[in-house]
Amino acid sequence: MNEMSPIELPPIPMSHRDQTVGFGKGWYCVAESAEISADTLLPVSYFDRELIVFRDKNGDAKVADAYCPHLGAHLASADGCIDAGEIVCPFHKWRFDATSGKCNSIPYTKFVPPQAKLSFYPTMEMNGMVLMWWHNAGAAPEAKPYNVIEAHSDKVWLPAFERSFETTVPLRDLHENIFDTAHIQQLHRSNGMPEIADVVRHDFGLEVNFEAMPDGERTAIHFMQFNFSGMSMVSHVVLGTGYGFCQNNTITPIDRERSLMRIRMFMLDTGSPEMNEQIGKAFAARVMTEIDQDMKVLNFKKHLERPLICAGDGPIMKWREYAEELLAA
Ligand code: FES
Ligand SMILES: [Fe+2]
């Protein structure tokens, strides 16, 4: 093994690495619930477009195109604002209903064009995330995403760790990582991963179950499951004797080159704050080390249309079939 530190690659444009058109249909995280209110417009950039995120008078989260349909002002520029349930454009002060998007009034005419309306995206909230539905052809949402906290509501989950960062992985290949079982040992040098037992298709996406490890070792995993909602979200649960973790990780494309990944980790209450802190820190460190190892490769990888798969590679093609389905619709 060469002990010299490797040369760092410069960024490689996505056009050299992935020819995929559009993004997979699904629910994507565009903000934290705590970041938005009925008094402010939160400007964000995702899906190669500019968006605003806010709450209407009923407290419902909304995502709209940031550009005013009149003459294209960015609604969150200058003194653009949300005022008493209406979004007020900074340019000519047209007022749009924050619930329906319809233009309610124009200060200098009584004749509001009937088509004057903001473009909204279907939006929902789940476990502190604001999720926006994306479909390449603009079709309506099909199924709600998997809710890991609700599915394991018999347990008490404590928030343990949060982190967000940009990545340049070809988005469709990110979660292929879970199905690529050979890299667990070869890249992460880990032998502690159970075998994949089965992959089940659901309305929300894919459920991946792992074999339980035999009892004996203190850290033996009794239950491990991943649930993928679209290609934007993965929920991961690990339960063992005296410990348990769940992660809800999301990825949202910023533009063709970059995506934002958010890691949210929860842990089971051990009953001891010191123990919670100790176990939580150890698990978070392990997760971030593995993500760092992955990203050093994934940020430069190419999406190969025809990968050369060999025995022992894991059920990679199960993910590929699923990703194709999400992109084709
Ligand atoms: S551009 Fe928004 S009111 Fe004119
Ligand atoms: Fe990995």
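Across the chain, how many lysine pairs, 8 or more positions apart or on different chains, have C-alpha atoms separated by under 24 Å? Please give the number.
Taking the Cα cut-off of 24 Å, the pair count is 24.
With a 1.4 Å probe and every protein chain left in place, work out the accessible area per residue of region 84-195 in Å², rounded to a whole number. Mind dumping the intermediate values first?
Working: 5760 Å² over 112 residues.
With the other protein chains kept in place, region 84-195 gives 51 Å² per residue.
Below 8 Å between Cα atoms, with a sequence gap of 6+, how large is the relative contact order for the chain in percent?
20 percent
Got a number for carbon plus sulfur as a percent of the chain's accessible area, 1.4 Å probe?
Numbers: 9210 of 16840 Å².
So the carbon and sulfur contribution to the accessible surface is 55 percent.
In bins 10 Å wide, starting from 0, what share of all Cα pairs of the chain does each bin hold, as a percent?
So the P(r) values, bin by bin, are 5, 23, 30, 23, 13, 5, 1, 0.
Which chymotrypsin sites (Phe, Trp or Tyr not before Pro) in region 56-138 pass both tests, a DSSP loop state and at most 13 other beta-carbon atoms within 10 Å?
Details: sites: Tyr67, Phe91, Trp94, Phe96, Tyr108, Phe111, Phe120, Trp133, Trp134; in loops: Phe91, Trp94, Tyr108, Phe111.
Filter output for region 56-138: Tyr108, Phe111.
How do Met233, Met288 rank by accessible surface area computed with a 1.4 Å probe, from largest to smallest? Each step should come with its number before you reach the end.
Values: Met233 0, Met288 35 Å².
Ranked list, largest accessible area first: Met288, Met233.
Can you give me the Cα centroid spacing of region 164-191 and region 268-329 in angstrom?
Cα centroid of region 164-191 versus Cα centroid of region 268-329: 4 Å apart.
Take Met317, Met265 and sort them by solvent-accessible surface of the protein heavy atoms, 1.4 Å probe, largest at the top. Write out the running numbers ahead of the final one.
Numbers: Met317 85, Met265 0 Å².
Order by accessible area, largest first: Met317, Met265.
Quick check: Cα centre of region 230-250 to Cα centre of region 101-146, how many Å?
31 Å
What stretch of the chain, leaving out the sites themselves, is the longest with no GluC sites (Glu not before Pro) in a DSSP loop having at most 16 other Cβ atoms within 10 Å? If you can, show how the numbers build up before the last one.
On the way: sites that count: Glu3, Glu8, Glu142, Glu195, Glu211, Glu257, Glu305.
Segment 9-141 is the longest.
With all protein chains present and a 1.4 Å probe, how do Lys281, Lys301 order by accessible area, largest first?
Working: Lys281 130, Lys301 50 Å².
Final ranking, largest accessible area leading: Lys281, Lys301.
Tell me the angle of helix 316-328 to the major Cα principal axis of the chain, expressed in degrees between 0 and 90 and rounded to the nearest ten.
10 degrees
Pairwise over distinct Cα atoms, reciprocal of the mean inverse distance: report the Kirkwood radius of region 148-328 in Å, one decimal place. Can you show the working numbers first?
Numbers: mean 1/r = 0.0580 Å⁻¹.
Every distinct Cα pair counted, the radius reaches 17.3 Å.
The values are calculated or read from the model by the stated rules, or taken from the named source; none is laboratory data. All figures in this text were calculated on a predicted structure; none of them were measured in a lab. No Cβ is skipped: glycine too gets one built from the backbone with ideal geometry, and neighbour counts run over all protein chains shown. We work out accessible area using only protein heavy atoms, side chains counted, and drop any ligands, DNA or RNA first. Shrake-Rupley method; radii C 1.70, N 1.55, O 1.52, S 1.80 Å.
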